Amino acid sequence: MERLKSGCILWFEGLKEACCLHRVVILCLRSNSLLLRTGQCFLLNGFIFLGSIFLLNSVVIPALWLILPDQCSHLVSHQLCDLPSTFKFYSFLRLALIHLFYVLWFYPLYVFSIVLSTIWYNDIAKYGYAAMGRSKFTVDKVSSQNNAPTTQDAYQAKKPSGLGGVMIGIGEQVYSVLLLSVFFLEVYATGFIPYIGKVLNFLLLSWMYAYYCFEYKWNFNEVALDRRLDYFESYWPFFAGFGSPCVLAIFFFSPLVGYGIMAILFPLFVLTATGSEAEQEISFEKYKWRAAGVERLPIFYVANNVSMWILSLLPLEKRDRMQDMKAQ
């Protein structure tokens, strides 16, 4: 019961942090660039993308059913009812026009939205981080309360400068992309497990979106990949709670509608994570949570092993270089 209580407290702490959307308003008021990028994201994904889906379902498809009906009573000329192939042709034509709408509009818009939104998300996080600095938020609260060098300072001291440091950074980014790609496939696969698949899918999606939200902040703080994963797996109830509202908003919609909603909400949760100091507050109570039974959960165990197996398939020289970068 004590473990369950501690886990629930951390989960609700993460949920509370995700719902602090007033930070988005505060940060947007402090940065015109942030307000512009956020508005562009809403315009593209909300007005254009979701508006196109609404237009298709509310106007285009009903109009096609009106022009190409499937009942004789709806035909202008009842002589067409005598032709057995009329309704088959109408059905084929309706389906072809709808698919043509998807091919010529939705799919290109979907790809365009993904590419452009990915660029905008990074800008939103960057402008939000800058606005947070101007608002006297501290990005290294741990070091301000302890005169001894922090682990991050030690990492910066150990990390070589110049080309070596750049190569290590590139290696970390490549491994991070590979790790998260495998984890995404793992999340997708859990949806097909009978009975408990939906629950596992919801939980893993919550962790995945929470990690994506905090990853921007950790990148700006230059937090090493191994520290990110260790911290994330150590306080897994907090991040499960943080990612729950993200997933809940899209879980019961079709994939296209769910993507449009998430594309609107994701920058808001990124800004909420950027302005959050709760994960630093929790880290001060590390031993308290460990004593209560909140142990590290190896969330990325499967993804890490699969990623290392993929790296083992590379040529020996490249593989050793990648593993050395990961070890750094």
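The values are calculated or read from the model by the stated rules, or taken from the named source; none is laboratory data. All of these numbers come straight from a predicted model, not from anything done at the bench. With ideal geometry, Cβ positions are generated from the backbone for all residues, glycine too; neighbour counts draw on all protein chains shown.
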Considering the range 227-263, residues that are in a helix (DSSP H, G or I) and among the β-branched types (Val, Ile, Thr), and then whichever is nearest to the chain's Cα centre (by Cα), we arrive at Val247
Please give the number of the condition Met132 fails out of (1) at pLDDT below 90; (2) out of contact with any helix residue (DSSP H, G or I) (no Cβ under 8 Å at 6 or more places or on another chain). (2)
Any chance the range 189-206 includes a residue that's surrounded by 18 or more Cβ atoms within 10 Å (Cβ to Cβ), assigned to a helix (DSSP H, G or I), among the small types (Gly, Ala, Ser) and touching a Gly at 6+ places or on another chain (Cβ under 9 Å)? yes
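Scan the range 39-61 and tell me whether some residue there is in contact with a Cys (Cβ under 7 Å, 6 or more places away or on another chain) and either surrounded by fewer than 16 Cβ atoms within 10 Å (Cβ to Cβ) or of a type outside the set (Val, Ile, Thr) (or both). Can you show your working first?
To start, the set of residues in the range 39-61 that are in contact with a Cys (Cβ under 7 Å, 6 or more places away or on another chain) comprises none.
The answer is no, given that none of the residues of the range 39-61 is in contact with a Cys (Cβ under 7 Å, 6 or more places away or on another chain) and either surrounded by fewer than 16 Cβ atoms within 10 Å (Cβ to Cβ) or of a type outside the set (Val, Ile, Thr) (or both).
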Among the residues of the range 281-304, is there at least one that is at pLDDT below 90, among the hydroxyl-bearing types (Ser, Thr, Tyr) and crowded, with 20+ Cβ neighbours inside 10 Å? no
Scan the range 29-48 for residues that are touching a residue at least 60 places away in the same chain (Cβ under 8 Å) and within 22 Å of Cys213 (Cα to Cα) and jot them down. Arg30, Ser31, Ser33, Leu34, Arg37, Thr38, Gln40, Cys41, Phe42, Leu44, Asn45, Gly46
